[in-house]
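Take a look at the structure set out below.
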Amino acid sequence: MTAIDPTAHLTAEQIEELGRELDAIRDEVIADRGEKDAAYIRKVISAQRKLELVSRGVLLFSFFPPAWLIGTAGLSVAKIMDNMEIGHNILHGQWDWMRDPKIHSTTWEWDHVSPSEQWKHSHNELHHTYTNVIGKDNDLGYGIMRVDEDQRWHPFHLGQPLWNFINACFFEYGIAAYDLELGKNLHKRRRKNPEFRARAKAVGRKIRKQVLKDYVIHPLLSGPSFLTTLAATFTANLVRNIWTHSVIMCGHFPEGVQVFERRSIKGETRGQWYLRQMMGSANISGSKAMHFMTGNLSHQIEHHLFPDLPSNRYAEVAVKVRALFEKYELEYVTGPLPKQVFSAWHKVFRLSLPNKKPKVKTPDREQELVAA
């Protein structure tokens, strides 16, 4: 929440006109999607499965250092592909229009400890609805970080660079934890809630399934390479976790990205919702390969405007969206990956410290920020 509103120059009529122009971009892509798009996602799924199979096969001989390096690298890439360009986007319903029961948001399960149904609720329904709204969007700071200068500082926040690093290393478990909303549900009374207990059991089953596959069955099949395969799988999961965490951090946390108070979204119109997505997200510039490895979440602004459009269309959509930023004199926050990672981590460190000059707040605003 910046002192100067970067959208203050827009009239209500301009905001709604912006919304209509964005609707028109979405409608154009929906009308045009077809076999070429379907062939794309099928090709990606096929390539990912082959890469994972070959990489796990190579790791059967991982006691040879070259095999360990090749197999670990391949498995890392395969896991990133599964989570980013495939799983994340299928679970958004981007490919439901194909009417393929094998590539559908209601049937897909991914290589991740968070069950797809729970992730869809916390991510699709909550995060994308309440993007960067303090106290409503769990993806904003993952419930463990101070994300704005106007939030009250506590000594606990001094450790947030460390908490964030640990969260990055075990990111899939962090996601499962805040999908369960453990922060509020570990209260003794809430722990007995039947709905929470059922969701916790579902996460437990998914964790057991993932651990059995990655840390028991595959290493056992490796025979004399048991320990090296175990290390390789752990390394691949670590690489996948740090990569996905970095991409998501770059999408919502760099300097220049706006956060919002809960009261600011009361009575929000379609145009205002679009505007909040535009101001609450940031992109990553780079090569086609980099965009692919991020699951096209390097086009985070476009993804938040149109979360159900096929990810392979975000690059072409970005040209039109950026033109609208320029037309309405809004800042299009983007930059290469190193710059965005540095910006996000700089903000993490900066907000771990108390404000140099306390800001004056109204009683209502203070109460809301403390509650967040």
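Table for the structure above
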quantity	calculated
Nearest 10 degrees, 0 to 90: helix 12-32 Cα axis against the chain principal axis	30 degrees
Cα centroid of segment 190-209 to Cα centroid of segment 267-331, whole Å	35 Å
Ellipsoid equivalent to segment 1-53 - semi-axes via the Cα gyration tensor, in Å	40, 19, 4
Overall dimensions of segment 4-93 by Cα: Rg and Dmax, Å	21.7, 66
Check: the chain dipole with +1 on Lys, Arg Cβ and -1 on Asp, Glu Cβ, in debye	1660 debye
Helix-only [θ]222 nm of the chain, DSSP H runs n ≥ 4, -39500 (n - 2.57) each, per residue, nearest 500	-17000 deg cm²/dmol
Prolate/oblate/rounded label for segment 38-79 (Cα gyration tensor, a/c 1.5)	prolate
Loop-exposed trypsin sites (Lys or Arg not before Pro) per DSSP, neighbour cap 11 Cβ within 10 angstrom, longest uninterrupted part of the chain	1-98
Rg [Å, one decimal], Dmax [Å, integer] - segment 256-302, C-alpha atoms	13.5, 41
Two-decimal Rg to Rh for segment 62-190 - Kirkwood Rh, Cα set	1.05
Positive-end residue of PHE61, VAL29, PHE306, charge dipole of the chain with Cβ unit charges	PHE61
Karplus-derived HN-Hα couplings along segment 203-219 (A = 6.51, B = -1.76, C = 1.60, θ = phi - 60°), whole Hz, x at Gly and Pro	5, x, 5, 5, 4, 4, 5, 5, 5, 4, 5, 7, 10, 10, 5, 4, x
Surface/4 estimate of mean projected area, convex hull on alpha-carbon atoms of the chain, nm²	20.2 nm²
Charge-dipole axis of the chain as Lys and Arg at +1 and Asp and Glu at -1 on Cβ define it, positive-most pick from THR229, PHE156, MET84	THR229
Protein accessible area in the chain, 1.4 Å probe - carbon and sulfur %	64 percent
For segment 88-157, convex hull of alpha carbons as volume per residue, Å³	93 Å³
Residue-count net charge about GLY57 - beta-carbon cut-off 14 Å; Lys, Arg +1, Asp, Glu -1	+2
Of LYS50/LYS213; LYS79/LYS213; LYS184/LYS347; LYS43/LYS288; LYS43/LYS213; LYS136/LYS266, those spanning more than 19 Å from alpha-carbon to alpha-carbon	LYS184/LYS347; LYS43/LYS213
Rounded to 10°, Cα long-axis angle of helix 35-58 versus longest principal axis of the chain	50 degrees
Relative contact order (percent, whole number), the chain, Cα cutoff 8 Å, 6+ residue spacing	26 percent
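The values are calculated or read from the model by the stated rules, or taken from the named source; none is laboratory data. Computed from a prediction, not measured in an experiment: that's the story for all the values here. A quick note on method: Cβ atoms are made from the backbone with ideal geometry, for glycine too, and the neighbour counts reach across all protein chains shown. With ligands, DNA and RNA removed, areas are computed over all heavy atoms of the protein, side chains included. Shrake-Rupley method; radii C 1.70, N 1.55, O 1.52, S 1.80 Å.
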